[in-house]
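Notes to accompany the following structure.
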Amino acid sequence: MLKSEIHIISAKITSIQTYLLNDHLTIDIDIELLYDKERNLKLRFTDIKEYAFNYTINHYFYYIEDYKLLLKDDLFYISFDPDQSSVNYSEIDNDIILCGSIEGFYI
């Protein structure tokens with residue numbers, strides 16, 4: 001879980017990698033932190049149930065203006081482009097991952 005001293009608002013996703021690890025889909029997301037130019041953050045999502053990311057050339061590549069992190073039916077739900085009118089899960093949320101586990105570490 002993200003500790004209070006780690007902030008991803010105003011950070012930038014620099015890499016999204018999907019791969020099989022022991023026959024289970026895993027997603028690694030590398031994040032360039034705004035306040036720490038010496039280290040980046042890697043978030044590893046495992047036991048993936050669903051994910052969806054969208055990109056268009058008209059927007060910056062995954063600049064994190066806001067995010068939503070919830071526990072939903074014993075699964076973690078994160079949206080990197082959430083519906084800001086709702087603090088709960090929303091069908092309008094974008095760039096989402098629904099998974100069983102999240103790890104974070106500096107790289």
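Consider Ile13 carefully, then state whether it is in contact (Cβ under 8 Å) with a residue 40 or more places away in the chain and surrounded by fewer than 11 Cβ atoms within 10 Å (Cβ to Cβ). Outline the logic, then answer.
On the way: in contact (Cβ under 8 Å) with a residue 40 or more places away in the chain: yes; surrounded by fewer than 11 Cβ atoms within 10 Å (Cβ to Cβ): no.
Here the answer is no, as Ile13 does not meet what is asked.
Would you mention how many residues in segment 22-68 are among the basic types (Lys, Arg) and either within 15 Å of the chain's Cα centre (by Cα) or under 19 Å from Asp81 (Cβ atoms) (or both)?
Initial filter on segment 22-68 (among the basic types (Lys, Arg)): 37, 39, 42, 44, 49, 68.
When the remaining residues are screened for being either within 15 Å of the chain's Cα centre (by Cα) or under 19 Å from Asp81 (Cβ atoms) (or both), the result is 42, 44, 49, 68.
Total meeting the criteria: 4.
Of the residues making up segment 65-107, those that are part of a loop (DSSP other than H, G, I, E, B), in contact with a Leu (Cβ under 9 Å, 6 or more places away or on another chain) and either surrounded by 13 or more Cβ atoms within 10 Å (Cβ to Cβ) or touching a residue at least 60 places away in the same chain (Cβ under 8 Å) (or both) number 2.
Within segment 18-37, is even one residue of a type in the set (Ser, Thr, Tyr), loosely packed, with under 11 Cβ neighbours inside 10 Å and touching a strand residue (DSSP E or B) at 6+ places or on another chain (Cβ under 8 Å)?
Taking segment 18-37 and keeping what is of a type in the set (Ser, Thr, Tyr), we get 18-19, 26, 35.
Cutting the leftovers down to loosely packed, with under 11 Cβ neighbours inside 10 Å gives us 19, 35.
From the residues that got through so far, the ones that are touching a strand residue (DSSP E or B) at 6+ places or on another chain (Cβ under 8 Å) too are 19.
Yes: one or more hits.
Read-outs: derived from the displayed coordinates by stated rules, not from any lab. Quantities reported herein were computed from a predicted structural model and do not represent experimental measurements. Don't worry about glycine lacking a Cβ; one is built from the backbone with ideal geometry, like all the others, and counts go over all protein chains shown.
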